[in-house]
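Here's the structure, in structure tokens; my notes come after.
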Amino acid sequence: MRLLLVEDDKETARYVSKGLLQAGHTIDVVSDGKDGLSLAIRENYDIVIVDRMLPGLDGLSLARTLRSAGSRVSILFLTSLGGVNDRVQGLDVGGDDYLVKPFAFAELLARVNALGRRAPMRSEGDVLRAGDLELDVGSRKVRRGQERIELQPKEFILLETLMRNKGRVVTRTMLLERVWGFHFDPRTSVVETHISRLRAKIDRPFSKPLIQTIRGSGYCINDNP
């Protein structure tokens, strides 16, 4: 699933995003409530995980505004405010679940998966395309033309990240964060290695390459390289 985490505590954000990435999900992380609201409205997420106490815009207001805008995205509050009234407030403004800090990651993952099972099917954004390359997010299938392409989990998330940013440069740092959960540069060649493997599967067997290297910046997937 594609997730958004709105959390201003860096350690919590790092811990949660790393675990969810390892579980096979795609996750964007922001620390400001206003930025979280903007992303949640603009992008197509399955679940928004939100703290209640945030800079810019608090979590309750974020959820209330999303519901007022007609968004049906699942909202999971992850917060230290654990009183009965706090829980009731969170659910009343449109939250689908409420988990109190400190928490066990296994429980968070179980709740995320449960929300995913009952989340409404998305009417758009499930199939990403770049030229004759097609990635079906729901079924996790990739095709180029009539040929089915088998990808490993990290290769799939890497390709999905590039295709969701079609026509835009995705930096190495962004890929390290979104695909591997690194919020620092580990000084490894993991990105370059996986890009090479991805090219071997979706570019080299075909006449027209789609993945571009933007020297000094990062990578880009484009219909017209």
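The values are calculated or read from the model by the stated rules, or taken from the named source; none is laboratory data. Bear in mind the structure is a predicted one, so any value in this text is a computation, not a measurement. Because the Cβ atoms are built from the backbone with ideal geometry, glycine has one as well, and the counts that use them run over all protein chains shown. For accessibility, only protein heavy atoms count, side chains too; no ligands or nucleic acids. Shrake-Rupley method; radii C 1.70, N 1.55, O 1.52, S 1.80 Å.
Any residue that is outside any helix (DSSP H, G or I) and at pLDDT 90 or above - is there at least one of those in the stretch 104-123? Within the stretch 104-123 (the criterion being outside any helix (DSSP H, G or I) and at pLDDT 90 or above), the answer is yes, since at least one residue qualifies. Within the stretch 185-208, the set of residues being within 16 Å of Glu134 (Cα to Cα), surrounded by 14 or more Cβ atoms within 10 Å (Cβ to Cβ) and not basic (Lys, Arg) comprises Leu198, Ile202, Asp203, Phe206. If I ask for residues that are open to solvent by 30 Å² or more (accessible area, probe 1.4 Å) and of a type outside the set (A, V, I, L, M), which ones from the stretch 35-59 would you list? Asp35, Ser38, Arg42, Glu43, Asn44, Pro55, Gly56, Asp58 - these are the residues of the stretch 35-59 that are open to solvent by 30 Å² or more (accessible area, probe 1.4 Å) and of a type outside the set (A, V, I, L, M). Within the stretch 72-110, the residues that satisfy the criterion of being open to solvent by 30 Å² or more (accessible area, probe 1.4 Å), over 24 Å from His25 (Cα atoms) and of a type in the set (Val, Ile, Thr) are Val84, Val88. Cβ-Cβ contacts under 6 Å between residues 6 or more apart (or on different chains), taken from a first residue in the stretch 153-182 that is outside any helix (DSSP H, G or I) and open to solvent by 50 Å² or more (accessible area, probe 1.4 Å) to a second residue that is at pLDDT below 90 and hydroxyl-bearing (Ser, Thr, Tyr), are listed as Val169/Ser217. Within the stretch 60-67, is even one residue open to solvent by less than 20 Å² (accessible area, probe 1.4 Å) and in contact with a Phe, Trp or Tyr (Cβ under 7 Å, 6 or more places away or on another chain)? So far as the stretch 60-67 goes, no, none of its residues is open to solvent by less than 20 Å² (accessible area, probe 1.4 Å) and in contact with a Phe, Trp or Tyr (Cβ under 7 Å, 6 or more places away or on another chain).
With respect to the stated conditions, Leu91 is more than 30 Å from Arg215 (Cα to Cα), out of contact with any Asp or Glu (no Cβ under 7 Å at 6 or more places or on another chain) and in a helix (DSSP H, G or I). Does Asp8 satisfy the condition of being touching a helix residue (DSSP H, G or I) at 6+ places or on another chain (Cβ under 8 Å) and not in a helix (DSSP H, G or I)? Considered against the rule, which asks whether it is touching a helix residue (DSSP H, G or I) at 6+ places or on another chain (Cβ under 8 Å) and not in a helix (DSSP H, G or I), Asp8 comes out as no. With respect to the conditions (1) in a helix (DSSP H, G or I); (2) open to solvent by less than 30 Å² (accessible area, probe 1.4 Å), Gly24 falls short on a single one, namely (1).
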